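The values are calculated or read from the model by the stated rules, or taken from the named source; none is laboratory data. On a predicted model such as this, the values are computed, not experimentally measured, just so you know. Neighbour counts are summed over all protein chains in view; Cβ atoms, including those assigned to glycine, are modelled from backbone coordinates with ideal geometry.
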2 protein chains.
Amino acid sequence: MTDINRRSVVKGGVPVRGSTTGQPIMVLFDLLSRRWAMGILWNLASEPRTFRDLQARCGLASPSVLNTRLKELREVGLIKNGEGGYELTATGRELFAHLEPLGDWAMEWVPTL
Amino acid sequence: MTDINRRSVVKGGVPVRGSTTGQPIMVLFDLLSRRWAMGILWNLASEPRTFRDLQARCGLASPSVLNTRLKELREVGLIKNGEGGYELTATGRELFAHLEPLGDWAMEWVPTL
DNA sequence: AGCTACTGCTACGATAAACGTAGCGATAGA
DNA sequence: TCTATCGCTACGTTTATCGTAGCAGTAGCT
């Protein structure tokens, strides 16, 4: 049974902002919609990257935000900090597989804006 | 050729926050990572919805934010305001098709948190 | 040993985004 | 006309993100 209090926190202490409706997809959207979160996953997909490399690829994201985001993504088990820098976990790669198709779609759509 | 100045604004005047790297996927991520953006698309997928219905389904999102988000999504042509309320455009449905698989994945993943 | 040049961060004040509540004008029904 | 709802807008407060500065740690020189 889902404890009512768990609505506000997910494993590792990462807080859920505002009131999601409690639906899993909304919890996921809440995590992914934090600044740079999807960009981080995207850029780690091909290979492990260092903090500063990641920062450069995320449009020079503020190191403070980048760091909190990396912490959160580590706490929910989507990325980990290995030898060659940050990299996706198995779960992270699963998620990325669903994100990947957006790349091609974006390449067609964005130029029409 | 991509005018350098276009990096900061997409059609309809919706501004791109911070410096994306200019890659289409980053522009898309920037749009989708605004608060409630993905939740809105998600909830409009099955049927048109009124402002207040949408608000309720998005965890009682602030009407001000919800309204700016709806404006932005309309300006980039992902949703429109029709007879029965807000609904996805053809483009919006295309995008949703790529978002949809995340629902099932989230249902398996989120409970493990 | 000392110097330089990196790295991954942390601190902190400034700015921007989101929140929450109140309420307005319009429409619909009793 | 009264009440209830709607789609919003206004506005003051809180939270998130930014941007710059800088520190400790490591590696490569001399």
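Among the residues of the range A:49-70, write down those that are more than 10 Å from DNA strand C (Cβ to nearest atom) and either at the interface with another protein chain (Cβ under 7 Å from one of its Cβ atoms) or assigned to a loop (DSSP other than H, G, I, E, B) (or both).
Listed by number, the residues that qualify are A:R57, A:C58, A:G59, A:L60, A:A61.
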Could you look through the range B:71-106, keep only residues that are modelled with pLDDT of 95 or more and part of a loop (DSSP other than H, G, I, E, B), and pick out the one that is surrounded by the fewest Cβ atoms within 10 Å (Cβ to Cβ)?
-> B:E100
